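What follows draws every value from the coordinates through simple rules; no lab data is involved. Note that the structure is a prediction, hence the values are computed from the model and not measured. Positions of Cβ are generated from backbone atoms using ideal geometry, with glycine treated the same way; all protein chains shown enter the neighbour counts.
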Amino acid sequence: MSEGQKSKMLAGELYVSDDPELTQARLRAKRLTARFNTTAPDATDERRTILNELFARFGSGTVLKPNLRCDYGFNISIGERTFVNYDSVFLDCNRITIGDEVQIAPGVHIYTATHPLDAQQRRAYLEQAWPVSIGDGVWLGGCAIVCPGVTIGENTVVGAGSVVTRDLPPNVLAVGNPCRVVRPL
């Protein structure tokens, strides 16, 4: 892989998203997710094998239900005993770190990719990516969206349909668009 573009991508700098080697890496992830998404419902071992190949880490006791979409896979690390329900989207142009014993409801999207505000830069296929970190014991409600660069503290609950645009501290209930803390837990 072109270490220049990959290094820029992981450093949060502008990078060329249609770099041929990054394109090949995305194709690899599409192939693996296509295999994963078409496994039989009782193919637990096969699913785990695919996810271990796709992700940087897939913790023991963790369950991820199809359908899954991601950009690269190798930037995703999921801890132990985490549950990811149906139809997740993880745009992992930068690192997505999900802790232990996290509950992720159906339709949750986690984005690291973002685009420049300058139209000329967007037309040149430049983009940026900022890491996302989800702490141990977090619960992300159905169809929540976690935006680039966000950290969610341990044991925090994010309400269904929320759009998390800023860091959330540990041990709080947060809801809305944009997501705001409503009370401690």
- Note on the structure: A correct Karplus calculation of ³J(HN,Hα) over the stretch 11-18, with 6.51 cos²θ - 1.76 cosθ + 1.60, θ = phi - 60°, whole Hz and x for Gly and Pro, returns 8, x, 8, 4, 9, 8, 6, 9
- Cleavage-rule hits, GluC sites (Glu not before Pro), the stretch 95-185, DSSP coil, Cβ neighbours within 10 Å at most 16: E154
- Message: Over the Cα atoms of the stretch 1-101, what radius of gyration and what Dmax do you get, in Å?
- Response: 13.8, 42
- Item | Nearby lysines by direct alpha-carbon distance to K65 (threshold 27 angstrom, same-chain neighbours under 8 apart not counted) | K30
- Task: Between the alpha-carbon centers of the stretch 1-62 and the stretch 79-104, tell me the distance in whole angstrom.
- Result: 13
- How would you rank F58, F74, F90, going from fewest to most other Cβ atoms within 10 Å of each one's own Cβ? F74, F58, F90
- Message: Just to be sure I understand: of the beta bridges DSSP finds with both ends in the chain, what percent are antiparallel, rounded to 5?
- Response: 20
- So, with points 7 Å from each Cα along the Cβ direction, the R31-L117 label distance in nm works out to 4.1
- Query: Only one of the listed values, [x] 21, 20, 18; [y] 30, 17, 14; [z] 25, 23, 13, was derived from the coordinates as semi-axes √(5λ) of the Cα gyration tensor in Å; which label is it?
  - Reply: [z]
- Message: If a paramagnetic tag sat 7 Å from the Cα of L14 along the Cα-Cβ line, which residues of the stretch 91-128 would have the backbone N under 18 Å from that point?
- Response: 113-128
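Hey, fewest Cβ within 10 Å first, where do L126, L68, L185, L173 land in order? Spell out each step's value before the answer.
Working: L126 18, L68 24, L185 10, L173 15.
Sorted ascending by nearby Cβ count, the order is L185, L173, L126, L68.
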- Task: Step through the residues of the stretch 119-135 one at a time and calculate ³J(HN,Hα) from phi using the Karplus curve (6.51 cos²θ - 1.76 cosθ + 1.60, θ = phi - 60°), rounding each to whole Hz and writing x for Gly and Pro.
- Result: 4, 4, 5, 4, 5, 8, 6, 8, 8, 10, 8, 10, x, 10, 10, 10, x
- Item | Zone residues, the stretch 97-120, relative to V163, backbone N less than 20 Å from point 7 Å out along Cα-to-Cβ | 105-119
- Query: Using modelled backbone amide H atoms (1.01 Å from N, in-plane), which distant-in-sequence or interchain residues come within less than 5 Å of I134's amide H?
  - Reply: T97, I98, G99, I152
- Can you give the relative contact order of the chain as a percent, counting alpha carbon pairs under 8 Å and 6+ residues apart? 14
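Just rank R26, R69, fewest to most, by other beta-carbon atoms within 10 angstrom. Numbers along the way, then the final one.
Details: R26 17, R69 14.
With the sparsest Cβ surroundings first, the list reads R69, R26.
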